[in-house]
Amino acid sequence: MSIWEYANPVKFMRTSGAVLPWVIAAAVLSTVTGLVWGFLTPEDYKQGSTVKIVFLHVPAALMAINIWLMMLVTSLIWLIRRHHVSALAAKAAAPVGAVMTLIALITGAVWGQPMWGTWWEWDPRLTSFLILLLFYLGYMALWEAVENPDSAADLTGVLCLVGSVFALLSRYAVNFWNQGLHQGASLSLAPGERMAAVYRYPLYLSMAGFFLLFLALLLIRTRTEIRRRRLAALLARENRA
């Protein structure tokens with residue numbers, strides 16, 4: 001068995017249809033449990049109740065970056081091997097990534113205002129996240145602007161390569177520049193920098209929930225894109241007849 005078998009639309013539709021209900025159930029269970037558990041944690045001695053935004057902010061920010069990197073991988077598969085399912089998966093993932101980026105920016109502002117005294121600062125990580133959101137919007141607009149789907153997949157694949165720079169900057173901006181208000185990584189293995197277990201475990205569960213939620217949405221949207229592509233092909237065939 002080869003992983004490339006799932007690039008076949010028929011194989012993908014059959015397999016994804018079988019696993020999708022389980023993924024949805026796991027996503028709902030882990031996301032709801034993680035968020036409720038997180039918001040029931042005690043207040044932090046320094047940040048008070050605002051620390052609980054971490055259970056929404058960190059998973060959303062993490063997914064915003066990794067969804068773009070997933071789009072990069074699937075776009076490269078399209079550019080190299082010309083598998084249509086990979087191009088459609090990248091297209092399907094973009095709106096989800098844009099929403100995750102927007103959630104990260106909004107929750108970051110809500111969290112930052114009482115901590116920093118301002119809703120927004122041209123901090124390296126915040127700025128790179130804003131640019132990442134613009135890349136998501138540009139990516140989706142480019143798909144809509146180009147009529148030929150293969151040409152659109154080619155152009156958006158190139159855009160993905162360029163946008164990946166800002167996806168990586170969003171993740172490592174604090175390491176590249178010491179300036180800025182944004183704190184370092186919320187989760188660290190360094191001694192003395194680890195988050196307290198009372199916050200760490202519900203955060204892990206929330207992160208898992210957000211990943212499964214993305215996976216469920218990705219499968220649903222990719223299946224929709226495949227059906228849409230099939231319908232367009234059938235209509236084009238009828239018009240030629």
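The table for this structure:
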| quantity | calculated |
| --- | --- |
| Residue check for Trp68: in contact (Cβ under 8 Å) with a residue 12 or more places away in the chain and out of contact with any helix residue (DSSP H, G or I) (no Cβ under 7 Å at 6 or more places or on another chain) | no |
| Residue count, the stretch 115-144 (criterion: closer than 18 Å to Ala93 by Cα and over 21 Å from the mean Cα position of the chain (by Cα)) | 0 |
| Count of the stretch 43-65 residues which are loosely packed, with under 14 Cβ neighbours inside 10 Å and assigned to a helix (DSSP H, G or I) | 1 |
| Residues satisfying the stated conditions in the stretch 1-42, i.e. in contact (Cβ under 8 Å) with a residue 40 or more places away in the chain, out of contact with any His (no Cβ under 6 Å at 6 or more places or on another chain), part of a helix (DSSP H, G or I) and more than 19 Å from Pro59 (Cα to Cα) | Trp4, Tyr6, Pro9, Phe12, Met13, Ser16, Gly17, Val19, Leu20 |
| Test result for Glu43, more than 30 Å from Trp111 (Cβ to Cβ) and among the acidic types (Asp, Glu) | no |
| Members of the stretch 194-206 that are open to solvent by 40 Å² or more (accessible area, probe 1.4 Å) and either charged (D, E, K, R) or within 12 Å of Val58 (Cα to Cα) (or both) | Arg194, Tyr204, Leu205 |
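The values are calculated or read from the model by the stated rules, or taken from the named source; none is laboratory data. Remember, it's a predicted structure, so these values are computed and weren't measured experimentally. Because the Cβ atoms are built from the backbone with ideal geometry, glycine has one as well, and the counts that use them run over all protein chains shown. For the accessible areas, the whole protein counts, side chains as well, though only heavy atoms, and no ligand, DNA or RNA atoms are used. Shrake-Rupley method; radii C 1.70, N 1.55, O 1.52, S 1.80 Å.
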